[in-house]
Amino acid sequence: MKLRTSMMAAIGLAFAATAAHADINVGVTVSATGPAASLGIPEKNTIALLPTTIAGEKVNYIVLDDASDTTSAVKNVRKLISEDKVDVILGSTITPNSLAMIDVVAESATPMISMAASARIVEPVDDKKRWVFKTPQNDAQMSTAIIEHMTNNGVKTVAFIGFSDAYGEGWYEQFAAVADVRKLKMVANERFARTDTSVTGQVLKIMSAKPDAVLIAGSGTPAALPQKAFKERGFAGKIYQTHGVANNDFLRVCGKDCEGTFLPAGPVLVAAQLPDTNPVKKSAVEYITKYETAHGKGSVSTFGAHGWDSGVLLAAAVPTALKKAKPGTKEFRAALRDALEGLKEVPAAHGIFTMSPNDHLGLDQRARVMVQIQGGAWKLVK
Amino acid sequence: MDFQIALLLAQDGITNGAIYALLALALVLVFAVTRVIFIPQGEFVAYGALTLVMIQAGTVPATLWLLLGAGVLAAAVDARGALASGQKGRLAGVLAWNVGYPVVLAALLYLLPLATLALPLQVLLALLVVVPMGPLMYRLIYQPVAAAPVLILLIISVAVHVGMVGLGLLFFGAEGSRTPPFSEARFELGPMMVNGQTIWVIAASIVLIVALYQFFGRSIYGKALRATAMNRNGARLMGISPALAGRLTFLLAALIGALSGVLIAPITTIYYDTGFLIGLKGFVAAIVGGLASYPIAAAGAVLVGLLEAFSSFWASAYKEVIVFTLIIPVLLWRSFTSHHVEEEE
């Protein structure tokens, strides 16, 4: 039912958008169905919580679903730009879609804020990518956090098991590079698929290499499968997961087999446990309160927070852009891009954004914390 | 790799192979009787498992509404047919089966304390919800086009698959779930540990295969299905209704699918779209059997399971590639050894 009402809302918004042209039109494409649905659905829910007026101007959000499919994402963006004349694009949820959208937004000179993780979306900033920004932390930031934690805790050898797709490959590249520098020895490198029903083979191979620790690079509940297999086979080393698992469904599926697992995450995951001096706490708690008021207690996830952050960036940049041009014009889109690039110290749910012409992500060390699973809940590692 | 690892991998491969074998049997059965390449077979696995999950969580499973909707539609279609041919007497039966059954089931699901029921009862309820969707699906989707060429039936199957996956996302959400195992028991078998659920899967598969064998060999309905599979027109001349054969086949296919789902839900995390890949591997096994031979299909399924387990040890990144590449040599071999018989279309 929720899906249907929000779809009706989206249709309603689409009509409203064509009716009034002076408003700021925001085109959103998220992966609310398909393999990435568990990330896309909280993002879509979050878009509904974004402010409807910024600096006195009405904001219309036109939300489309790209079904985790690259072609649909590009089609959505073309439609949003040519038919709805949007001033900015938010999305998409996943890296392949976001990469494919870059050409389209650059061609029409429309700024875009992606909610996907890969650093390749915004790096290096070139003629096309100058229009593209993103909110999630780079995998490199997260893997440095993991390796720091490993080396501080006496881990000498490490094994890797990741998704057999861009997510796993990307993590392996980042992780292996940093591990090499920090003298951490990689003893095994395995892959599994999101839909696999068994990972016994990979787990046995890793265990025969006897690593001190193992990193599981998967997102959402599928990452619980290797973890359960390791526990079942009596693996005694430390287990690390990535921030891709930071939702409550993962805890539900993994249960007691996940006790003691370490992972890096955006501070929003443990916002309530952050010290009051942490500058992220206030903005993160604000998002959590808003989301849980609308969708019930415990429903919030870090993925939705990436969507929230894209809204925060937009809200911070629009007032500057409005001084230069009227919404709906080419000049406004260019001004908005410049304003986004000039953002300084903007507190959001996942960290503090400070953009620059070379950095279209703008997050620093304050955007990640190490978390341990204790008693079926996320605990901040001090 | 040492002997113990090989044993563990073999155990894993045979467990998965047992499930693929069940699905392969269902696929061969459906194809033989109705000429439908039943791509949505895997969806019944996911529906069965996730319906059980919802029942165990104490909520009324969302699949009930699909059953109710399909039942009402089927009742409307059948009632119209009965009225048009002047058989008013059939109306009561049509309504009782298509609408009465889901309503009674709905009442049961609302009244019973679902979360606290014994596991066998929960499983039974899950099966009661999911399995009737098989014959209803045949009635609504395949029966009106039963005489269509294989290719059209295949295209319809793809559409049904996509539809069911979409509905699955709506019913169960994007995240996966597991169920508690049937038994926590663990046995020591020589150098390795075997857990209870593995035994359950293998034993249930064997029991089901033997039961199917008996059904086809001894019962009159089983013989009717076999006759339809051998020669559709000949069976019709002998008074076997193709519609009945079709519904019965889909009932069996849905039962096998849902039961497989219930069996593997404690071993692995099931998602709304998990079924497709499991079904596809069953399909590879069915191809090994030429979509005609049950024993070869079952052996092929165990082969697929073992190949999967060992390739995940040696080359995990290429596991699926290796499993699905198996089709190519099998097809080559089949095309060289068997002579082609034209279908009657």
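The values are calculated or read from the model by the stated rules, or taken from the named source; none is laboratory data. Remember, it's a predicted structure, so these values are computed and weren't measured experimentally. Neighbour counts are summed over all protein chains in view; Cβ atoms, including those assigned to glycine, are modelled from backbone coordinates with ideal geometry.
Does B:SER335 satisfy the condition of being assigned to a helix (DSSP H, G or I) and facing chain A (nearest Cβ under 9 Å)?
no
Restricted to region B:166-206, and to residues that are of a type in the set (D, E, K, R) and without any contact (Cβ under 8 Å) to a residue 12 or more places away in the chain, which residue is nearest to the other protein chains (Cβ to nearest Cβ)?
Once the filter is applied, the top-ranked residue is B:ARG186.
Take the residues in region B:226-239 that are among the aliphatic types (A, V, I, L, M) and farther than 20 Å from B:ALA148 by Cβ, then tell me which one is surrounded by the most Cβ atoms within 10 Å (Cβ to Cβ).
Here the residue is B:ALA227.
Taking the condition closer than 30 Å to B:GLU43 by Cα, within 14 Å of chain B (Cβ to nearest Cβ), surrounded by 22 or more Cβ atoms within 10 Å (Cβ to Cβ) and within 26 Å of the chain's Cα centre (by Cα), does A:GLU190 pass?
Spelling it out, A:GLU190 is indeed closer than 30 Å to B:GLU43 by Cα, within 14 Å of chain B (Cβ to nearest Cβ), surrounded by 22 or more Cβ atoms within 10 Å (Cβ to Cβ) and within 26 Å of the chain's Cα centre (by Cα).
From the list A:PHE303, A:PHE332, exactly one residue is of a type in the set (Phe, Trp, Tyr), in contact with a Pro (Cβ under 9 Å, 6 or more places away or on another chain), in a helix (DSSP H, G or I) and touching a residue at least 60 places away in the same chain (Cβ under 8 Å). Which is it?
Just one listed residue meets the conditions, A:PHE303.
Looking at the structure I just gave you, is B:PHE38 crowded, with 24+ Cβ neighbours inside 10 Å and not in a helix (DSSP H, G or I)?
It is true that B:PHE38 is crowded, with 24+ Cβ neighbours inside 10 Å and not in a helix (DSSP H, G or I).
Listed here are the residues, each with its yes/no results for (1) buried (at least 18 other Cβ atoms within 10 Å of the Cβ); (2) outside any helix (DSSP H, G or I); (3) in contact with a strand residue (DSSP E or B) (Cβ under 9 Å, 6 or more places away or on another chain); (4) aliphatic (A, V, I, L, M).
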position	(1), (2), (3), (4)
B:PHE250	yes, no, no, no
B:LEU263	yes, no, no, yes
B:PRO266	yes, yes, no, no
B:VAL323	yes, no, no, yes
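Is region A:314-327 home to any residue that is charged (D, E, K, R), closer than 30 Å to A:ASP249 by Cβ and exposed (fewer than 14 other Cβ atoms within 10 Å of the Cβ)?
Within region A:314-327, not a single residue is charged (D, E, K, R), closer than 30 Å to A:ASP249 by Cβ and exposed (fewer than 14 other Cβ atoms within 10 Å of the Cβ).
Taking the conditions exactly as written (among the polar types (S, T, N, Q), within 27 Å of B:GLU175 (Cα to Cα) and touching a residue at least 60 places away in the same chain (Cβ under 8 Å)), does B:THR63 satisfy them or not?
yes
When the residues of region A:233-251 are filtered to those that are surrounded by 17 or more Cβ atoms within 10 Å (Cβ to Cβ) and within 14 Å of chain B (Cβ to nearest Cβ), which remaining residue is farthest from A:THR144 (Cα to Cα)?
Only one residue fits best here, namely A:ASP249.
Take the residues in region A:193-217 that are away from every other protein chain (no Cβ under 11 Å) and crowded, with 20+ Cβ neighbours inside 10 Å, then tell me which one is farthest from the chain's Cα centre (by Cα).
A:PRO211
Hey, A:LYS183 hits all of (1) at positive phi; (2) within 11 Å of chain B (Cβ to nearest Cβ) but one; which does it fall short on?
So the condition that A:LYS183 fails would be (2).
Please find, within region B:8-19, the residue that is nearest to the other protein chains (Cβ to nearest Cβ) out of those that are within 16 Å of B:PHE187 (Cβ to Cβ) and not aliphatic (A, V, I, L, M).
Top of the filtered list is B:ASP12.
Among the residues of region B:100-117, what is the count of those that are in contact with a helix residue (DSSP H, G or I) (Cβ under 6 Å, 6 or more places away or on another chain) and at pLDDT below 90?
1
Residue by residue, here is whether (1) part of a strand (DSSP E or B); (2) more than 24 Å from A:VAL371 (Cβ to Cβ) holds:
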position: A:ALA159; (1), (2): yes, no
position: A:ALA176; (1), (2): no, no
position: A:THR195; (1), (2): no, yes
position: A:GLY201; (1), (2): no, yes
position: A:SER219; (1), (2): no, no
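Could you tell me how many of the residues in region B:168-226 are in a loop (DSSP other than H, G, I, E, B) and among the polar types (S, T, N, Q)?
Qualifying residue count, region B:168-226: 3.
Does A:TYR287 satisfy being farther than 13 Å from A:ILE373 by Cβ, in contact (Cβ under 8 Å) with a residue 60 or more places away in the chain, away from every other protein chain (no Cβ under 11 Å) and not in a loop (DSSP other than H, G, I, E, B)?
yes
Please specify each residue of region A:356-382 satisfying the condition of being surrounded by fewer than 20 Cβ atoms within 10 Å (Cβ to Cβ) and assigned to a loop (DSSP other than H, G, I, E, B).
Residues satisfying the conditions are A:PRO357, A:ASN358, A:ASP364, A:GLY375, A:GLY376, A:VAL381, A:LYS382.
So for region B:62-71 (the condition being within 14 Å of chain A (Cβ to nearest Cβ), farther than 25 Å from B:THR198 by Cα and not in a helix (DSSP H, G or I)), does at least one residue qualify?
yes
If you go through region A:229-271, how many residues are touching a residue at least 24 places away in the same chain (Cβ under 8 Å) and either part of a loop (DSSP other than H, G, I, E, B) or touching a Pro at 6+ places or on another chain (Cβ under 6 Å) (or both)?
11
Considering every residue within region A:349-357, establish whether at least one is free of Cβ contacts under 8 Å to residues at least 12 places away in the same chain, more than 16 Å from A:PHE133 (Cβ to Cβ) and not aliphatic (A, V, I, L, M).
Scanning region A:349-357 turns up no residue that is free of Cβ contacts under 8 Å to residues at least 12 places away in the same chain, more than 16 Å from A:PHE133 (Cβ to Cβ) and not aliphatic (A, V, I, L, M).
Run B:ILE5 past the list (1) within 14 Å of another protein chain (Cβ to nearest Cβ); (2) over 25 Å from the mean Cα position of the chain (by Cα); (3) at pLDDT 90 or above and report the number of the one that doesn't hold.
Unmet condition: (3).
Considering every residue within region B:306-313, establish whether at least one is surrounded by fewer than 18 Cβ atoms within 10 Å (Cβ to Cβ), under 20 Å from B:THR34 (Cβ atoms) and not hydroxyl-bearing (Ser, Thr, Tyr).
Within region B:306-313, none of the residues are surrounded by fewer than 18 Cβ atoms within 10 Å (Cβ to Cβ), under 20 Å from B:THR34 (Cβ atoms) and not hydroxyl-bearing (Ser, Thr, Tyr).
Looking at region A:218-232 only, could you name the residues that are hydrophobic (A, V, I, L, M, F, W, C) and more than 11 Å from chain B (Cβ to nearest Cβ)?
Within region A:218-232, A:PHE230 is the sole residue that qualifies.
For region B:43-62, how many residues are among the β-branched types (Val, Ile, Thr) and within 16 Å of the chain's Cα centre (by Cα)?
The total comes to 2.
For region B:146-165, does any single residue satisfy the condition of being hydrophobic (A, V, I, L, M, F, W, C), more than 20 Å from B:GLU43 (Cα to Cα) and in contact (Cβ under 8 Å) with a residue 12 or more places away in the chain?
yes
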